[in-house]
Amino acid sequence: MQPALQPALYESLEALPAGLTGEILNGQLHTQPRPSGPHGRVASRVDRSIGRSYDDGIDGPGGWWIFVEPEVHFVRDVEVTVPDLAGWRRKRMPYLPEDQRFEVVPDWICEILSPSTASRDREVKMPLYAHYKVQYAWLIDPVKRTLEAYRLDAGAWIEIGRFADADQVAVPPFEAMSLDLKGLWAPLRPVLV
């Protein structure tokens, strides 16, 4: 799974028009439009829940950096992903990068599935994350209202939990806090008063 060195691909990624996100996966440039409203809403709610406890250290242990859509460079300018969320233990990454390139492998990633990205997230990005030794991965599906959690074990993903609808869950690596799944989904549709 060693990507071919194609620095021109990164120049193409940087030249993408506003409104497109680009990634270089296994030597190929992939683009997708900015996330939909429900997708973005779930991302911001996960960020606020986990970030408050683990990044800010409010009502939780702290000790992490949590970012929405960081540009993760597994191989600088050659193997580049933009997970919906990613987290690093501060003891592994004590300082933030000076530019947009995060070159330390995240400890946790979260992909929010959409019809246009679900197969890429599962079939291309999850093996890539395992290859570069990301320790935890979450896949959240706002349509099905599910959260799948995985832990890396001997280079393979092991499912550690599958949660749905209105569950209150404590999911590694953030098991010191309870995540309200109902709060992730609601309200995705207008509430009529």
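Quick note: the coordinates plus some simple rules give every number you see, no bench work behind them. Not measured: the values here are computed from a predicted model. When we count neighbours, we look across all protein chains shown, and the Cβ atoms used for this are built from the backbone with ideal geometry, even at glycine.
In the range 45-175, taking the dipole from charged Cβ atoms about the Cα centre, the farthest positive-side position among P61, P142, A86 is held by P61. In plain terms, the chain from E11 to K91 could stretch by 25.6 nm, reckoned as 0.36 nm per residue minus the Cα-Cα distance. Where both bridge residues fall in the range 38-193, DSSP classifies roughly 80% of the beta bridges as antiparallel. Remark: spin-label model distance A164-L152 equals 3.0 nm, labels positioned 7 Å along the Cα→Cβ axis.
Note down the relative contact order for the chain as a percent, whole number, built from C-alpha pairs under 8 angstrom at least six residues apart.
Relative contact order for the chain comes out at 16 percent.
If you compute Kirkwood radius over Cα pairs in Å for the structure shown, which of [x] 18.0; [y] 19.0; [z] 17.2 do you land on? Step by step, Kirkwood radius over Cα pairs in Å for this structure corresponds to label [z]. Relative contact order of the range 22-124, taken over Cα pairs closer than 8 Å and 6 or more residues apart, is 24 percent. In order along the range 30-45, the phi-based Karplus estimate (6.51 cos²θ - 1.76 cosθ + 1.60, θ = phi - 60°) of 3J(HN,Hα) comes to 10, 10, 8, x, 4, x, 5, x, x, 4, x, 4, 4, 4, 5, 5 Hz; Gly and Pro are listed as x. Assuming charge only on the beta carbon of Lys and Arg (+1) and of Asp and Glu (-1), the dipole of the range 8-109 about its Cα centre is about 440 debye to the nearest 20. Stretched out straight at 0.36 nm per residue, the stretch from Y132 to R34 would grow longer than its current Cα-Cα span by 32.7 nm. Under 5 Å between amide hydrogens, built in the peptide plane, is the criterion, and for E69 it picks out L85, A86 among residues at least 5 positions away or on other chains. In the chain, the DSSP-assigned H stretches of four residues or longer account for a calculated mean residue ellipticity at 222 nm of -4500 deg cm²/dmol, using -39500 (n - 2.57) per stretch and the full residue count as denominator. Viscosity 1.306 mPa s, temperature 10 °C: give me the Stokes-Einstein translational D for the range 82-193 in µm²/s, with Rh taken as the Kirkwood radius over C-alpha pairs. Using the Kirkwood radius from Cα pairs, D works out to 104 µm²/s. Taking springs between alpha-carbon atoms closer than 10 angstrom, which of P94, P38, P142 fluctuates most in the Gaussian network model of the chain? So, out of P94, P38, P142, the one fluctuating most is P94.
With +1 assigned to the C-beta of every Lys and Arg and -1 to the C-beta of every Asp and Glu, and no other charges, what is the dipole magnitude of the chain about the Cα centre in debye, to the nearest 20?
400 debye
Of all beta bridges that DSSP places with both ends in the range 103-193, some 75 percent have antiparallel geometry.
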